[in-house]
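Structure record follows, encoded as structure tokens.
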Amino acid sequence: MLLPEQITNVLPPIIEATRVANRRGSTLWDVRTDIARYAVKLGYPSPATDEHAGRPWTALAPGREAAVLHHLGTPVPSGRWEKGTWCIQPWHEGPDLQQLWERHRVDGTVPSVTTALECAGALAGLHAKGWAHGDVQPMHFLIGPTRTHLIDLALAQGKPVAAEVDFPHRGCLVHYEAPELSRQVLEDGQASPTQASDIYGLGASLLMAARSRRAVTYPDDAPRPVQRKAIVEGNRRPVNVDGPLGELVEHMLSYKPTDRPTLQQVINSMREML
């Protein structure tokens with residue numbers, strides 16, 4: 001698969017283009033030019049399989065993410081190709097949180113509070129502008145040499161985006177989905193992420209990255225509705241991270257949104273641990 005001509009016409013002369021991810025409904029390319037390095041996203045409809053329903057909205061995800069970034073004051077090139085939408089973003093160096101904390105999952109040590117604080121700070125920057133991310137997971141925190149970036153904003157909610165790239169939020173990766181979102185998806189087929197549901201997602205992300213442990217018990221191969229039902233029923237696992245960080249994660253994973261700490265409280269608690 002080659003990059004569409006619409007994209008190559010926008011970029012400076014390309015030295016190298018490598019497809020680094022090919023998920024259901026999207027591909028991510030690492031593109032190098034003599035000027036800069038870019039993350040290029042292509043969206044296309046995700047076909048139905050025996051395990052998953054089709055997801056036509058994935059074709060619009062890069063265009064919607066570009067619209068969100070425009071609202072946030074970071075406009076990026078975007079457009080349409082024959083199968084959906086695309087966008088071009090700066091490439092961010094650094095491993096994601098899941099990669100960075102691999103050794104803690106191996107040896108069981110307590111992970112870096114400083115790194116957890118950087119992730120919370122990246123999320124706080126988005127919240128301060130009136131948005132909820134809607135898809136918080138450890139792979140979306142890139143720990144760079146100078147700062148931590150929160151990426152993949154296609155599902156973010158905060159302000160209206162153009163109708164031609166908009167679509168309802170139909171849930172996120174279930175491991176990090178707050179109970180209230182799972183309930184909404186089961187009942188209505190769509191959900192309304194909030195900053196409180198992002199707090200749950202951050203707690204679940206810290207737990208997964210530190211211990212490779214889902215916050216809720218359900219079979220790995222269960223259909224999504226069965227997994228969401230387990231989340232709604234509150235089949236929580238204990239948080240097996242020792243010390244104050246584990247206690248904070250436990251609080252962040254509170255069932256009721258009103259019982260969770262605010263992000264500022266999370267940040268304050270982490271600062272006290274340093």
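Got a number for residues in the stretch 254-271 being closer than 16 Å to CYS119 by Cα and either touching a strand residue (DSSP E or B) at 6+ places or on another chain (Cβ under 7 Å) or in a helix (DSSP H, G or I) (or both)?
9
Mind checking which strands (runs of 3 or more DSSP E) fall wholly inside the stretch 1-117 and carry at least 2 residues that are touching a strand residue (DSSP E or B) at 6+ places or on another chain (Cβ under 9 Å), outside the structural domain of LEU248 (by TED's automatic domain parsing) and surrounded by fewer than 17 Cβ atoms within 10 Å (Cβ to Cβ)?
Answer list for the stretch 1-117: 14-23, 26-33.
Which one is farthest from THR58 (Cα to Cα) among residues in the stretch 1-38 that are without any contact (Cβ under 8 Å) to a residue 40 or more places away in the chain and hydroxyl-bearing (Ser, Thr, Tyr)?
THR33
If a residue has to be under 19 Å from VAL249 (Cβ atoms) and without any contact (Cβ under 8 Å) to a residue 60 or more places away in the chain to count, how many in the stretch 188-203 make the cut?
Qualifying residue count, the stretch 188-203: 1.
For the stretch 21-56, how many residues are hydrophobic (A, V, I, L, M, F, W, C), under 18 Å from TRP86 (Cα atoms) and at pLDDT below 95?
Residues in the stretch 21-56 being hydrophobic (A, V, I, L, M, F, W, C), under 18 Å from TRP86 (Cα atoms) and at pLDDT below 95: 1 in total.
Can you pull out the residues in the stretch 183-217 that are assigned to a helix (DSSP H, G or I) and surrounded by fewer than 24 Cβ atoms within 10 Å (Cβ to Cβ)?
ARG183, GLN184, VAL185, LEU186, GLU187, ASP188, GLN195, ALA196, MET208, ARG211, listed by residue number.
Got a number for residues in the stretch 218-252 being in contact with a strand residue (DSSP E or B) (Cβ under 7 Å, 6 or more places away or on another chain) and surrounded by 17 or more Cβ atoms within 10 Å (Cβ to Cβ)?
Within the stretch 218-252, residues that are in contact with a strand residue (DSSP E or B) (Cβ under 7 Å, 6 or more places away or on another chain) and surrounded by 17 or more Cβ atoms within 10 Å (Cβ to Cβ) number 3.
Given the criterion touching a residue at least 60 places away in the same chain (Cβ under 8 Å) and more than 25 Å from PRO168 (Cα to Cα), identify the matching residue among SER254, SER212.
Exactly one of SER254, SER212 is touching a residue at least 60 places away in the same chain (Cβ under 8 Å) and more than 25 Å from PRO168 (Cα to Cα), namely SER212.
Yes or no: the stretch 139-156 includes at least one residue that is over 14 Å from the mean Cα position of the chain (by Cα) and touching a residue at least 60 places away in the same chain (Cβ under 8 Å).
no
If I ask for residues that are more than 20 Å from PRO179 (Cβ to Cβ) and not in a helix (DSSP H, G or I), which ones from the stretch 241-253 would you list?
VAL241, ASP242
With respect to GLU82, is the statement that it is within 18 Å of ILE151 (Cα to Cα) and of a type outside the set (Val, Ile, Thr) true?
Spelling it out, it is not the case that GLU82 is within 18 Å of ILE151 (Cα to Cα) and of a type outside the set (Val, Ile, Thr).
The values are calculated or read from the model by the stated rules, or taken from the named source; none is laboratory data. This is a predicted model, so every value here is computed, not measured. Positions of Cβ are backbone-derived with ideal geometry, glycine not excepted, and every protein chain shown enters the neighbour counts.
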